[in-house]
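The block underneath contains the structure these notes are about, expressed in structure tokens.
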Amino acid sequence: MQVSGNERLSDEALQALVPIDYPQSLLKLEPEALAQQLRHRAPLVEVKVSRQMLPPRLNVQVRERVPVAVVLPALGSEGEASEYLQAGLIDAQGAWMPTSSFGLQTASAANLPTLRLRGLQPHYQRYWPQIYATIRTSPVAVQELDWHDPSNLVLHTDLGVVYLGSYGPDLERQLATLDQMRHLPDQVPPAEVAHIDLTNPDRPSLSLAAPSETEPSPATP
């Protein structure tokens, strides 16, 4: 079997997913049935299987799904875990994949995406392609999205934590407003900002962190 087009998946991993008992006559194999089985068993967008008589072999051409974010469970949601996507990976089209799809056992592997998506409920999964297409072009880098509360999509960005409210058509405008605030750290120390509220992108606001109880009191004369 000759495999081509794979980048993350090894030839051996794909070959192991093709249910063929050797020796086997090429004429008895059904390329389309094998391709369909591979699509169901591996994170692949496209699979083409063809026979080659001389030398006798199967040619398998694949196009892998490309994970763009690590899916994480919602924080503190142990009792409601079934409401959210399980930990794994997600591609730009919103297709979920277990981390083990690429031979990775944990989400700490070095070649995983850096973007994190936390607390995504399956019925909101259809919105992910548009959300990802928008945030990937954001001038302000986004490290994590937390959507465990559908009424408030939260971004963790280079400027801090950002509240967006319910996801809607204003996302691009909200990110544009965030970009206009890129000099905020020069005006307010980041440690003093609890979060940025862009629920209304026309009226952004700041929520300041409460003073630390451990801060020393001003000296008295």
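The values are calculated or read from the model by the stated rules, or taken from the named source; none is laboratory data. Predicted, not measured: the structure shown is a model, and the values here were computed from it. Virtual Cβ from ideal backbone geometry, glycine too; neighbours counted across all protein chains shown. Accessible surface is based on the protein model in full, side chains and every heavy atom, while ligands, DNA and RNA are left aside. Shrake-Rupley method; radii C 1.70, N 1.55, O 1.52, S 1.80 Å.
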Only residues that are open to solvent by less than 60 Å² (accessible area, probe 1.4 Å) and part of a loop (DSSP other than H, G, I, E, B): list them for the range 125-148, please.
Ser138, Val140, Ala141, Trp147
Do you know which residues across the range 44-75 are within 21 Å of Tyr22 (Cα to Cα) and touching a strand residue (DSSP E or B) at 6+ places or on another chain (Cβ under 7 Å)?
Lys48, Val49, Ser50, Arg51, Gln52, Arg57, Leu58, Asn59, Val60, Gln61
Selected residue (criterion: farthest from Asp186 (Cα to Cα)) from residues of the range 149-173 that are hydroxyl-bearing (Ser, Thr, Tyr) and part of a strand (DSSP E or B):
Tyr163
Check whether at least one residue in the range 62-70 is touching a residue at least 60 places away in the same chain (Cβ under 8 Å) and of a type in the set (D, E, K, R), and report yes or no.
no
Residues in the range 109-124 that are crowded, with 17+ Cβ neighbours inside 10 Å and in contact with a strand residue (DSSP E or B) (Cβ under 8 Å, 6 or more places away or on another chain) total 7
In the range 72-108, residue least open to solvent (accessible area, probe 1.4 Å) [restricted to those that are modelled with pLDDT under 95 and among the β-branched types (Val, Ile, Thr)]:
Thr99
Which residue is least open to solvent (accessible area, probe 1.4 Å), if the candidates are limited to the range 43-57 and must be at pLDDT below 90 and either out of contact with any helix residue (DSSP H, G or I) (no Cβ under 6 Å at 6 or more places or on another chain) or within 16 Å of Asp91 (Cβ to Cβ) (or both)?
Gln52
